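The values are calculated or read from the model by the stated rules, or taken from the named source; none is laboratory data. These numbers come from a predicted model, not from an experiment. Here Cβ is always computed from backbone atoms with ideal geometry, including for glycine, and neighbour counts include all displayed protein chains. We work out accessible area using only protein heavy atoms, side chains counted, and drop any ligands, DNA or RNA first. Shrake-Rupley method; radii C 1.70, N 1.55, O 1.52, S 1.80 Å.
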Amino acid sequence: MPLTRRNFLINGSLSFAAGAFSPLLVQAKAKESAPADLKDWDSVRREFELAPDYIHLALFFLASHPRPVRQAIEQYRAKIDANPLVTVDNAMFEQTEENMPLRVTRAIANYIGCNAQDIALTQNTTTGLALLYHGLPLREGDEILTTTHDHYVHHESIRLATGRCGATWRKVALFDSYDSISPDEIAERVRKAIGPKTRAVGVTWVHSSSGVRLPIARIAGAVADVNRGREEKDRVLLIVDGVHGLGVEDPKITALGCDAFAAGTHKWLFGPRGTGFVWAKPAVWQRMRPVIPSFTSPEIFAAWEEQHDPQTSPRAAWFSPGGFQAYEHFWAVPEAIRFHQNIGSTRITSRIHELNAQMKEGLARMANLQLYTPRDENLSAGMVCFDVKGTKPEEVVKRLLAQRIVASTTPYRVSYARVACSVVNTPQEVESVLGAIRAMA
């Protein structure tokens, strides 16, 4: 029988060879040293190979891998290098407990509180948002509503998707001043902005422009109010860019009430670089159209071989982009989640909020400084944005870097200086940073 992917999927034609490499799943094991005490924050910091002479306040940009993730990546890479065909075929196309996409989606599902079948694997938030918006069955005259506060990739995904089908898009401001942000007003502005042709609302959980954290549950309630008077085909979907909330806030994102959620794992979760996911409700996947051929859906490949369209409704796996990828990174995602869970999600949330509250309180006391991020922890997360009066944001960041403090600027038309405390930071580092900023202000 010719060896085709369908034959492999159905008959496991390489099982005899794969046995030499089973079980594929690796466990990140400590080297000769004792296991890290993840209840101790200094021990958590030592799991990272971060330059020790810098204060790192920009790890949300791209993660440094903690030791368990580094080791898992290297072990998977070694297996692939030793026998690429057998390792990848066994891991990707055998529909057994050794199937790695299934293992990865199960780990993510356990973390965010959903069914693994409702998760598509992507490379990053950008890809996830593009898959969602381009997958919507938009018609000419339909509209997507978003906000003035969202990132370039969110706006651009919407612009490209609407421009291909004669749909339109519109932006609304959720607040007028950083000094008077109200969760109720935010939800009400969204509700009032939804029009009869609106088919989706796109928002960002935590704004990288200001550090503002949106009340997603209240926004979801406002969208639900609108949907009560609509037919199913005209139902408004709530789509969330969640990358800067994931790994900081309560991970059970399905409880937020949104319809779809896209995020990379390689920021606050410290996951392997180049990995992410999209979660959506089953009914959402069913109404959408895949954009990129998938390697994780046997029925699609079988339909192609049999020369007909798939006979079932779309599901999440249909939306995971296929093609050959950095498999060792994707397969190591469960180790990042395990590392996070071993520390404790509640402890991580408390630690990040405590450090950033310390930063905000210190900045708020400086006379020549404007703080933009709300001091209310219900409206903020891990980022703190500010201006030193009379000094451009890029100059602030440059001066901090000269003192080995890694900060960043917000990549928006109106830019601010930005610092972000994560679990690798300490209260002493926060005081050092405040001292450096105070000298400028």
Inset, instruction - Determine whether Phe324 is open to solvent by less than 10 Å² (accessible area, probe 1.4 Å) and among the aromatic types (Phe, Trp, Tyr). - result: no
Inset, instruction - Could you pull out the residue among Arg213, Arg191 that is more than 13 Å from the chain's Cα centre (by Cα) and surrounded by fewer than 20 Cβ atoms within 10 Å (Cβ to Cβ)? - result: Arg191
Legend entry - Residue count, region 228-261 (criterion: in a loop (DSSP other than H, G, I, E, B), acidic (Asp, Glu) and open to solvent by 10 Å² or more (accessible area, probe 1.4 Å)): 3
Inset, instruction - Name every residue in region 138-181 that is of a type in the set (D, E, K, R) and part of a helix (DSSP H, G or I), in order of residue number. - result: Glu156, Arg159
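Yes/no per residue for (1) assigned to a helix (DSSP H, G or I); (2) in contact (Cβ under 8 Å) with a residue 24 or more places away in the chain; (3) open to solvent by 20 Å² or more (accessible area, probe 1.4 Å); (4) under 30 Å from Ile181 (Cβ atoms):
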| position | (1), (2), (3), (4) |
| --- | --- |
| Val284 | yes, yes, no, yes |
| Trp304 | yes, no, yes, no |
| Gln307 | no, no, yes, no |
| His329 | yes, yes, yes, no |
| Ile337 | yes, yes, no, no |
| His340 | yes, yes, no, yes |
| Arg375 | no, no, yes, yes |
Legend entry - Hits in region 377-402 - residues which are assigned to a helix (DSSP H, G or I) and either in contact (Cβ under 8 Å) with a residue 40 or more places away in the chain or closer than 18 Å to Asp53 by Cα (or both): Asn378, Leu379, Val396, Val397, Lys398, Arg399, Leu400, Leu401, Ala402
Legend entry - Residue match in region 403-425 (condition: part of a helix (DSSP H, G or I), closer than 25 Å to Phe270 by Cα and open to solvent by 20 Å² or more (accessible area, probe 1.4 Å)): no
Inset, instruction - Exactly one condition in (1) part of a helix (DSSP H, G or I); (2) modelled with pLDDT of 95 or more is not met by Cys114; state its number. - result: (1)
Inset, instruction - Filter region 342-373 down to the residues that are hydrophobic (A, V, I, L, M, F, W, C) and more than 18 Å from Leu269 (Cα to Cα), then identify the one that is surrounded by the most Cβ atoms within 10 Å (Cβ to Cβ). - result: Met359
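Residue-by-condition table, conditions (1) under 22 Å from the mean Cα position of the chain (by Cα); (2) in a helix (DSSP H, G or I):
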| residue | (1), (2) |
| --- | --- |
| Asp42 | no, yes |
| Ala51 | no, no |
| Ala58 | yes, no |
| Phe61 | yes, no |
| Ser64 | yes, no |
| Pro68 | yes, yes |
| Ala72 | yes, yes |
| Tyr76 | no, yes |
| Lys79 | no, yes |
Inset, instruction - Mind telling me which of the residues Glu354, Glu335 ends up being in contact with a Pro (Cβ under 6 Å, 6 or more places away or on another chain), within 27 Å of Leu38 (Cβ to Cβ) and not hydrophobic (A, V, I, L, M, F, W, C)? - result: Glu335
Inset, instruction - Could you list, in sequence order, all residues of region 140-176 that are aromatic (Phe, Trp, Tyr) and in contact with a helix residue (DSSP H, G or I) (Cβ under 6 Å, 6 or more places away or on another chain)? - result: Trp169
Inset, instruction - Tell me which residues, restricted to region 177-191, are at pLDDT 95 or above, out of contact with any strand residue (DSSP E or B) (no Cβ under 9 Å at 6 or more places or on another chain) and among the charged types (D, E, K, R). - result: Asp184, Glu185, Glu188, Arg191
Legend entry - The listed residue being under 30 Å from Pro334 (Cβ atoms), open to solvent by less than 30 Å² (accessible area, probe 1.4 Å) and polar (S, T, N, Q), out of Asn115, Asn124, Asn110, Asn99: Asn99
Inset, instruction - Return yes when Thr296 is open to solvent by 10 Å² or more (accessible area, probe 1.4 Å) and part of a helix (DSSP H, G or I) and no when it is not. - result: no
